[in-house]
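Chemist: Pasting a structure below so you can have a look.
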Amino acid sequence: MSAQKVVGIVPARGGSKGVVGKNVRPLGGYPLIAWSIAAAKLTPEIDRVVVSTDAEHIAELARTYGAEVPFMRPAELAADRSPDRDFVIHALDWFKDNEGVEPGFLVHLRPTTPLRDPVKMGEAVKMIVGDETATALRSAHALAESPHKMLQVENGYLTGFFPDDPRPEYYNMPRQAFPTAYQPDGYIDILRSSFVRAGTSLHGTRMLAYVTPFTVEVDRPEDFEHLEFLLGREKSAVHDYLRANYPAV
């Protein structure tokens, strides 16, 4: 492994609108944020786990489950439309100003993707550490259908998204006629700190692909029901760890 530090960073602002209070809402008996913290703690390739939040109740909860909260995120960096790069730069500035050195890599772990395998996370860290030309790593899962087969509505009529495709009614062609499309899923994103510092982008154009199975993210309240269903069917090392070390809420 690289001598550069690998820090897991979990962003968890307090003002979620789509699913109110989602970061502290229970899943399998534990707050949603606890799942990302535990997954990072179970990944040997991650040196430490830090939570970036603007809410004291989330900070307190994060510490309960073993994360560091060495700073609070300013409210202006935790608005609905605040870009991810804002909280990343804020974290890097804190490390530089208070510890004298930035981590080489930030493992960006969104609480909204709770069902992770620490073994896969470790594989992803090793991938980017071993590729000096990669600007970042992003996880994604394959889509059942290509975007080329999707339609939009213009003036009340269905039309394709790719009007420059020369094939007549290309959207009616079999899916095998198109390249496989992948949906970024938040399972694990890894940022190279030096690249983030060098420009205005988080990921750049050389994003290593870490392909995962289909991954459920929390975007709606009913997604919690789906995740609870999956927990009843699949073994989870993270859930086992939480149950072995913390009382259910």
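Chemist: Return a yes/no flag: does segment 143-159 have any residue that is in contact (Cβ under 8 Å) with a residue 12 or more places away in the chain, under 22 Å from Gly8 (Cα atoms) and over 15 Å from the mean Cα position of the chain (by Cα).
Modeler: No; the residues of segment 143-159 include none that is in contact (Cβ under 8 Å) with a residue 12 or more places away in the chain, under 22 Å from Gly8 (Cα atoms) and over 15 Å from the mean Cα position of the chain (by Cα).
Chemist: Considering only residues that are of a type in the set (Ser, Thr, Tyr) and closer than 30 Å to Leu208 by Cβ, which ones fall in segment 141-169?
Modeler: Ser146
Chemist: Shifting gears a bit: For segment 227-248, give me each residue that is surrounded by 12 or more Cβ atoms within 10 Å (Cβ to Cβ) and not basic (Lys, Arg).
Modeler: Selection gives Leu227, Glu228, Leu230, Leu231, Ser236, Ala237, Val238, His239, Asp240, Tyr241, Leu242, Tyr246.
Chemist: Restricting attention to segment 118-137, does a residue exist that is in contact with a Leu (Cβ under 7 Å, 6 or more places away or on another chain) and farther than 25 Å from Ala38 by Cα? Walk me through it before giving the result.
Modeler: To start, the set of residues in segment 118-137 that are in contact with a Leu (Cβ under 7 Å, 6 or more places away or on another chain) comprises 118, 124, 127-128, 131, 134, 136-137.
From the residues that got through so far, the ones that are farther than 25 Å from Ala38 by Cα too are 131, 134.
Scanning segment 118-137, I find at least one residue that is in contact with a Leu (Cβ under 7 Å, 6 or more places away or on another chain) and farther than 25 Å from Ala38 by Cα, so the answer is yes.
Chemist: While we're looking at this one, here's another question. Just to confirm my filter: which helices (runs of 4 or more DSSP H) fall fully inside segment 146-249 and include at least 1 residues that are over 27 Å from Pro114 (Cα atoms)?
Modeler: 193-198
Chemist: Looking at segment 96-118 only, could you name the residues that are within 16 Å of the chain's Cα centre (by Cα) and among the aliphatic types (A, V, I, L, M)?
Modeler: The answer is Leu106, Val107, Leu109, Leu115.
Chemist: Those residues that are of a type outside the set (Val, Ile, Thr) and surrounded by 15 or more Cβ atoms within 10 Å (Cβ to Cβ), I need them from segment 57-67; list them, please.
Modeler: From segment 57-67, those of a type outside the set (Val, Ile, Thr) are 57, 59-63, 65-67; that's our starting set.
The answer is Ala59, Leu61, Ala62, Tyr65, Ala67.
Chemist: Sticking with this structure for a sec: In segment 1-53, which residue that is out of contact with any strand residue (DSSP E or B) (no Cβ under 9 Å at 6 or more places or on another chain) and at pLDDT 95 or above is farthest from Glu217 (Cα to Cα)?
Modeler: Pro44
Chemist: I'd like the full set of residues that are over 19 Å from Ala144 (Cβ atoms) and aromatic (Phe, Trp, Tyr), limited to segment 214-228.
Modeler: So the first thing to find is which residues in segment 214-228 are over 19 Å from Ala144 (Cβ atoms), and the list is 218, 220-222, 224-225, 227-228.
Phe224 - this is the single residue of segment 214-228 that is over 19 Å from Ala144 (Cβ atoms) and aromatic (Phe, Trp, Tyr).
Chemist: Let me ask something else about it. Name, by its number, the condition in (1) modelled with pLDDT of 95 or more; (2) surrounded by 13 or more Cβ atoms within 10 Å (Cβ to Cβ) that does not hold for Arg85.
Modeler: (1)
Chemist: Cβ contacts < 8 Å: first residue over 28 Å from Ala198 (Cα atoms), restricted to segment 113-137; second residue hydroxyl-bearing (Ser, Thr, Tyr) and part of a loop (DSSP other than H, G, I, E, B), any location; separation 6+ or different chain. Result?
Modeler: Thr113/Thr215; Leu115/Thr215; Leu115/Ser236; Pro118/Thr43; Lys120/Thr212
Chemist: Out of the residues in segment 143-164 that are surrounded by fewer than 14 Cβ atoms within 10 Å (Cβ to Cβ) and among the charged types (D, E, K, R), which is modelled with the lowest pLDDT?
Modeler: Ranking the qualifying residues of segment 143-164, first place goes to Glu145.
Chemist: Consider Thr212 carefully, then state whether it is closer than 30 Å to Lys5 by Cβ, over 16 Å from the mean Cα position of the chain (by Cα), β-branched (Val, Ile, Thr) and assigned by TED's automatic domain parsing to the domain that holds Leu115.
Modeler: Considered against the rule, which asks whether it is closer than 30 Å to Lys5 by Cβ, over 16 Å from the mean Cα position of the chain (by Cα), β-branched (Val, Ile, Thr) and assigned by TED's automatic domain parsing to the domain that holds Leu115, Thr212 comes out as no.
Chemist: Follow-up question, since we're still on this one. Yes or no: Phe95 in the same structural domain as Ala198 (by TED's automatic domain parsing) and farther than 16 Å from Asp189 by Cα?
Modeler: Criteria met by Phe95.
Chemist: Condition first: in contact (Cβ under 8 Å) with a residue 12 or more places away in the chain and within 23 Å of Ala248 (Cβ to Cβ). Can you find one or more residues in segment 70-92 that meet it?
Modeler: No: segment 70-92 contains no residue that is in contact (Cβ under 8 Å) with a residue 12 or more places away in the chain and within 23 Å of Ala248 (Cβ to Cβ).
The values are calculated or read from the model by the stated rules, or taken from the named source; none is laboratory data. Keep in mind that what you see is a predicted model, and the values were worked out from it rather than measured. We place every Cβ from the backbone using ideal geometry, glycine too, and count neighbours over all the protein chains shown.
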